[in-house]
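Contents: one structure, followed by commentary.
The values are calculated or read from the model by the stated rules, or taken from the named source; none is laboratory data. Treat the numbers as computed from the prediction; the structure is a model and nothing was measured. For neighbour counting, all protein chains shown are included, and Cβ atoms are generated from backbone atoms with ideal geometry for every residue, glycine included. Side chains are part of the model used for accessible areas, which takes the heavy atoms of the whole protein and leaves out ligands, DNA and RNA. Shrake-Rupley method; radii C 1.70, N 1.55, O 1.52, S 1.80 Å.
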Amino acid sequence: MPLLSTKFNTLAKPLPYVARFSARRPIHIILSVLLVSTFSYVAIIQYYFNDFSFRSMSQFGDGVDKYFNIPSEDLNLLQSCSHYISNNDKWNRDWTPISSDETLNQLSESSTTSLTHYYLHQLKFVNGESNIPILNNTLYQVNNTRYILSPSAQFESNVIKSHDFDWRLQTNYQDNSIKQKKSLYELANNFINLVSTNFENTDSLNFLIILMAYFTMGYTLFNLYNDMKSTGSKFWLSFATLINSTCAFFIALFVSQYLFQKQVSILTLLQGIPFIVIILGFRHQIKFASLVLFKSNLNSNNLSSYEKNTALNNLNQHHQEDDDIVYEAMLEYGGRLVQDTLLCLVALLGCSIYTHNLKTLSNFCLLSSLIVFFEFLLTITFFSAILSLKLEINSIYKSTIIKQTLEEDGMTPQVADIVSHTTNTDTNSKVHNFFKSETTIIVGKISLIILFIVVNLINFVPQSISLFYDLMNYNLDMNANITNSEMDSFLPTLLNQNKNLLPKGTIIISILPTKYFAKTTLFNNFNDYILDTLHYLSKVIRDRFVSKVVFTALIISASINIYLLNAAKIHTNYTVAEFIKRKNSNSLFKTPSSSSSSTSESDKTDIEEEHIDSSETASNRNDKSISKSKAKKNKRKKNKNKNVIEPSTSPLEVAKPKSLPELETIMKEGATATLSDDEVTELVTSNKLPLYALEAKLKDTTRAVAIRRQALSILSDSPVLATDRLPYLHYDYDRVFGACCENVIGYMPLPVGIIGPLVIDGVAYHIPMATTEGCLVASAMRGCKAINAGGGAITVLTKDGMTRGPCVRFPTLTRSGACKIWLDSEEGQAKAKKAFNSTSRFARLQHIQTALAGDLLFIRFRTTTGDAMGMNMISKGVEFVLKQMREEFGWEDMEVVSVSGNYCTDKKPAAINWIEGRGKSVVAEATIPAETVQKVLKSDVKALVELNVAKNLVGSAMAGSVGGFNAHAANLLTAVYLALGQDPAQNVESSNCITLMKEVDGDLRISVSMPCIEVGTIGGGTVLDPQGAMLDLLGVRGPHPTNPGDNARKLAKIVACAVLAGELSLCSALAAGHLVQSHMTHNRGGGKPAKAADPTPLSIKGNIEAPADLQRLKEGSQICIKS
């Protein structure tokens, strides 16, 4: 429901602060909520299933404390016995049945009266008519049942030995087992009878409504799973949402039952819960989670366009903490949450008040309102804490994936650490792969669910392992036992026959439930072992001292987890700080007055001078730069001796300049960083220190760039590098060194324009373009406007696979041919695929294509590479496959000529790329209304179609073009590549494109097919912060959190659509210019018939009549055309 009033936003102002508080302390909040929910759960279970609670009366009232002299075990056991009493000393006693309460009263007063208490044990030997052991104190026996009189409630042993084998008691919890089994049996029967009776009294329409409600509830739960899956969480967020609602349900039920004294029966809950689930629908949790994950640049599938735009407008481009993301999401969504909650509360409370005469309905409406209220509270606290943990886990996981991908793509671990903001830890790969396995994760999730069910089963029925068997025995043997009515006549006879065993005075006989003995088996031993263990653990935990120890351990464990979580939350910032600390730290010889300080002072002066120069005219700026360079050079000379370490008798004594041999000695000792800039420059210009080794020697990339510039200005006798015309300051060279460039002397600023929004597959994108070509961005912008007018572009990705084509040679053509046949076979493909896939987590071999030229065999590997462009990743896998072919697969005579045999083909025009594809193969299409073609593009549909055939198809074919059937695809693609950190040299094959246009119902349908778009969202130039920021603008930076490769595929579609916009705009300008020329030629001579042949095409004759059309075409032809 949309927001009805902005006043709800005012009411929701405290919610973001509460959500942020919860997000900052997730473990505290989660434990607190679960603890409260657990207490509520226990109270509710005792309320509805009081038969299962031991000595439950003592918790809520008086009644059993007066039986303090009776052991707790005997007290619970007596509740399940039948009792008889005899108060006379006659020869034949009279036995009267009494209740359990009367028995307890008699026993509690036994200290003041003469009372003897006996237990009558009923022992039944299952499946045994013979070999039944002889037992002492046997009063009576019939078939396989024995009646034993004993003063103790506990039988002498759980195992009875006979001549041939042992008889074992079937359950060690005999004191309570039968009552609990009987209670469960009766509970199930009563529940079935209750439900059947109610449904028999319910008309078919009501029954159908309830049935449909359950089906709808199931559909709602299924939608919850699907919606949360689209946010990027396959299981945990949907599970956390259910936990959130379940906790709200138990807390609300506890408050309703115990605080408001409004009882709701189980049957009412079963009938009403589906309707509550349907009304709530988990929509708030889904929207809140989607907004939080969208703000963290993960996903946005469940957000409306308004919510996306609002989130984008408020999105902070810098790094945000998890609690800030949750805060901003609640700030935007809190108003709707408050509105919907208040409306539900008003409706449900109003229904409860209105139906106060209908107690059941009124109580249920009150319970429903409490559920809505507590779900609202838990959403802004418990669920916010869950989302905070989710963000932190995603951040750590993403950093790990980025680091692994960068290292697989060939980057050094140091650069991978910087980019991923994570330290390089040595983790056992087998353990790592085990815990990252999808199968392991699924098994773990299923195990958690099964464990949860088993724990609850054990909680309700401690003897759950033998429950079914014993229930069957209880059912089948119920009629075989002596009933109470028969016992009333049978017991006096039995006891009077054994009167010599009974003392004088008052006697109470308690008849215990039947104990079942069976022949000992292996299963019995295993069953008893488990039950003994569980029973022992249960007794230990119930101990007063042990329970306190366990609770204390829980508190300590929670505190440790909170501490570890806080340590994980500062993981990224700490790592960055540590890296900066390592970067700025020099060797042990460095003095406080280091070159970095002088460099910082120089930089500061440079900034001030640049600020002053900004007001100067262009004509004076060059002179100023020359004077600045001289001033900086003099300042370096002035400070060149500041970093010299020499013993000095006076702190004011100036260090003497070092000779070249001395400088060389210091360099060999590893103390190059302690030298001044001029001294290092002297080493470079004297060929003692290579230019490429400056970063490694100085441990400071920015200083290395400055010294390299200074040295090159001397070596090349070119003072331009001593000026600021090529900037070098304020750039993160740590990401460049070992990843993007060597011998760095600065960076080349390029103007970056933006086109869009361009709607692609229903999502609007602003696409950056780095170019120095005027009118290119403006032209593409016009194309975006026209495409959006027709509803946007649609794309299809037909293939995704990067290639590498090594060349190998065999001694004979026969061997080369045999290897080709083997690689083309299923066996060869399978072995090569297994070997290749073992080299990477992301690269997966799809297909091998071979070609033979003499004894040279060319093998084209096509593989997926995740979100990386992946050339280095593939090369590593290809080298391993070739190695395995020589060492393991029987091709030891194979010679590798080149890992890249130009059969890939990389950075070169090739028909195989155009036909087979390389990288991402994308087709993008858009339909442009005829009115838009006229008003926006200032052209004509038929003219565009004809121009495309003549220029892009026929003209390119006449030129013998391969993949060049377009107007200027390379223009757009290269500009986007430069802005997004892609390899600009790959525009050779990536710009392979065929542009098609046709008229459909008077509108223009245009498409571009690009089979070789080679892009990546991680690795290469994407590690640089400016390029990474532009990828963030598109929402595709780094690896996709759940589906590796999705970000790169999305980027390929964006590139294709940018080309589509550029093609449309340029062709429109060309067509408009052509039409103007045709019109001028056709009307030359004041309208007289032309003697020469009419150059105007038949398809457009007579289309230009009005002056308005002529003016429109002139405007279109004035668009800059750069083909």
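Remark: the Cα gyration tensor places the stretch 741-854 in the prolate category, a/c being 1.5 or greater and a/b exceeding b/c. Peptides 741-751, 895-905, 975-985 ranked from most to least packed by the mean count of surrounding Cβ atoms within 10 Å: 975-985, 895-905, 741-751. Quick check: at a probe of 1.4 Å, how many percent of the accessible area of the stretch 778-848 sits on carbon and sulfur atoms? The C+S portion of the solvent-accessible surface of the stretch 778-848 is 59 percent.
3J(HN,Hα) couplings calculated from phi for the stretch 237-248 with the Karplus curve 6.51 cos²θ - 1.76 cosθ + 1.60 (θ = phi - 60°) are, in sequence order, 5, 5, 5, 5, 5, 5, 4, 4, 5, 5, 4, 4 Hz; Gly and Pro show x. Heavy-atom accessible surface of the stretch 323-382, averaged per residue, reaches 40 Å², computed with a 1.4 Å probe. The phi torsions of the stretch 508-515, fed into the Karplus equation with coefficients 6.51, -1.76 and 1.60 and a -60° offset, translate into couplings of 10, 10, 10, 8, 7, x, 5, 9 Hz, rounded to whole numbers, with Gly and Pro shown as x. Could you tell me the distance between the Cα centroids of the stretch 889-919 and the stretch 258-289, to the nearest Å? Using only Cα atoms to place each centre, the spacing works out to 63 Å. When a/c is below 1.5 the answer is rounded, else prolate if a/b is larger than b/c, else oblate, so apply that to the stretch 810-850 with a ≥ b ≥ c taken from the square roots of the Cα gyration tensor eigenvalues. Judged from the Cα gyration tensor, the stretch 810-850 comes out prolate (a/c at least 1.5, a/b above b/c). Rolling a 1.4 angstrom probe over the protein heavy atoms with all chains in place gives the stretch 201-291 an accessible area of 47 Å² per residue. When you count the other C-beta atoms within 10 angstrom of each residue and take the mean per peptide, 327-333, 694-700, 1063-1069 line up highest first as 1063-1069, 327-333, 694-700. Rounded, prolate or oblate: which one fits the stretch 948-1051, using the alpha carbon gyration tensor with axes a ≥ b ≥ c (rounded when a/c is under 1.5, else prolate when a/b beats b/c, else oblate)? Prolate is the answer for the stretch 948-1051, as a/c is 1.5 or above and a/b outweighs b/c. Evaluated with a Cβ-only charge set (Lys, Arg +1; Asp, Glu -1), the stretch 799-868 carries a dipole of roughly 140 debye about its Cα centre, given to the nearest 20. So what's the Cα pair-distance distribution over the stretch 896-983, bin width 5 Å, in %? For the stretch 896-983, the binned pair fractions read 3, 10, 13, 19, 19, 15, 11, 6, 2, 2, 1, 1, 0 percent.
Solvent exposure of the stretch 758-887, expressed per residue, is 40 Å² of accessible area, with all protein chains present and a 1.4 angstrom probe.
The rule of thumb for compact globular proteins, 2.2 N^0.38 Å, goes into the C-alpha radius of gyration of the stretch 714-782 1.63 times.
Residue by residue, the stretch 688-705 carries 3J(HN,Hα) couplings of 9, 10, x, 4, 6, 9, 5, 4, 5, 7, 8, 6, 8, 5, 5, 5, 4, 5 Hz when phi is fed to the Karplus relation 6.51 cos²θ - 1.76 cosθ + 1.60 (θ = phi - 60°); x denotes Gly or Pro.
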